[in-house]
Structure formats: structure tokens, C-alpha cells
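**Q** Sending over a structure as C-alpha cells; questions will come in a sec.
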Amino acid sequence: MNLVKRKTNLKTTVNKSIERHPVPILGIDYKVKIIYKNIKITELDVENTTIKISLPNIYKKIDNKEILDLAINKMYEQIAKVEIERAMEKTRIMVGFAPEEYEIKKMKTLGSCKNNKICIHPEIVKYNRKVIDYVVLHQYCHLKHKNHNKAFFTMLEKYLPDYKKSEEILLNL
Ligand SMILES: [Zn+2]
């Protein structure tokens, strides 16, 4: 999975690599490896179970936590574009209707549904696809049922009989 890939002929100098907390993508924890290179722009690659972030040498001496957070957030947004589109399309075909529009945006909750519009938080891609599909279906059910009433849960269960498993994953984290 190459998210940002640039070919460069510049000399690579691996001066030090810092270990960070694992970063989850689609329910799998990835290690983060930081490399300093003679480059101008931050690069990010995902290989096997490692996220490799290459930073320009000029960042070597400064606290780079903010830059790394930015790179990881950008990565989540790129994955979210693909994953949420996939889940929206899958759900649309399954239920036979669609929202007027949807948006990927940061908010207090992972998903929302207002005025026929569905919003999904980009960081939903930290979780596995079953959870992503659940959050999207949950919002689709809100297109028909505003509140968490019996009809809402009947619809949810019809399309995703084991939806409680996904709810549990979200509650336990
Ligand atoms: Zn709800």
C-alpha cells in the first residue's frame, strides 16, 4: 500500500529511527519508523506492518511530534476517502437507497446523519472494515429512522445481524 510515493535520487542518510506507539489502520497495529533524509517534503510509505515516515534532515534537531501527527492524519484522510466510498457503495447496493450526499469530516462522533446527509469521521479507518461498514449502515438507518427506536434496530439487525459485535469494539476502545 503506497500512499505517498516519490522516487528520489537524493542520497538517503538513515541517521536515527525513533519508535512511536503503534498506529492502527483497518484494525491492524502498524509500527512507525522515522527516517531522516536529504529531502524537502515529508514522505510516508506503508509496507507490511510498518509505516515509514521520512522527514527532511532539518527536522532532526526539533521536536517533530506535530509533524508526525500531521503525516499520520493525512494518511488517515487518504485511506478514509477510499474506505468510506467503498462502504457507502456497498451499503447503498444492500439497502437500495442513498443519502443526498456524504462528507468525511472530523467531529465529536464517528458518524452523523442530518437532513439526508451522512458525515463520517476519517479516523473510522483505525477500525476494521466490519466496524466501518457498521458505522456507515448505522447512519443509513438514520435516514429512515431518526431516533434509536425499535424500528431503527430492526433495520440495523436485518442488514447486519451481528452488529452488536461492532458496537462492542467501539465501546471498548
Ligand atoms: Zn445513531
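The values are calculated or read from the model by the stated rules, or taken from the named source; none is laboratory data. Because the structure is predicted, anything quoted here is derived from the model rather than measured. So basically every Cβ, Gly included, is an ideal-geometry build from the backbone, and we count neighbours across all protein chains shown. Heads up: the accessible areas ignore ligands, DNA and RNA and are worked out on the full protein's heavy atoms, side chains in. Shrake-Rupley method; radii C 1.70, N 1.55, O 1.52, S 1.80 Å.
**Q** Any residue at all in region 89-101 that's out of contact with any Cys (no Cβ under 9 Å at 6 or more places or on another chain), of a type in the set (Val, Ile, Thr) and within 16 Å of the ligand (Cβ to nearest atom)?
**A** Filtering region 89-101 for residues out of contact with any Cys (no Cβ under 9 Å at 6 or more places or on another chain) gives 89-94, 96-98, 100-101.
From the residues that got through so far, the ones that are of a type in the set (Val, Ile, Thr) too are 91, 93.
If we keep only those that are within 16 Å of the ligand (Cβ to nearest atom) as well, we get 91.
Yes: one or more hits.
**Q** I've got another one for you. Got a number for residues in region 78-102 being open to solvent by less than 90 Å² (accessible area, probe 1.4 Å) and either hydrophobic (A, V, I, L, M, F, W, C) or within 22 Å of LEU156 (Cβ to Cβ) (or both)?
**A** So the answer is 17.
**Q** In addition: Please determine whether any residue of region 67-79 is at pLDDT 95 or above, touching a helix residue (DSSP H, G or I) at 6+ places or on another chain (Cβ under 8 Å) and aliphatic (A, V, I, L, M).
**A** yes
**Q** In region 119-170, which residue that is closer than 15 Å to PHE97 by Cβ and more than 14 Å from the ligand (Cβ to nearest atom) is surrounded by the most Cβ atoms within 10 Å (Cβ to Cβ)?
**A** In this case the residue turns out to be TYR159.
**Q** If you don't mind, there's one more thing I want to ask. Would you mind telling me which numbered condition in (1) under 30 Å from LYS37 (Cα atoms); (2) part of a helix (DSSP H, G or I); (3) open to solvent by less than 10 Å² (accessible area, probe 1.4 Å) SER54 fails?
**A** Condition not satisfied by SER54: (2).
**Q** If I filter region 19-36 for residues that are more than 30 Å from CYS119 (Cβ to Cβ), at pLDDT below 85 and either in a helix (DSSP H, G or I) or open to solvent by 60 Å² or more (accessible area, probe 1.4 Å) (or both), do I get at least one hit?
**A** Yes, there is a match, as at least one residue in region 19-36 is more than 30 Å from CYS119 (Cβ to Cβ), at pLDDT below 85 and either in a helix (DSSP H, G or I) or open to solvent by 60 Å² or more (accessible area, probe 1.4 Å) (or both).
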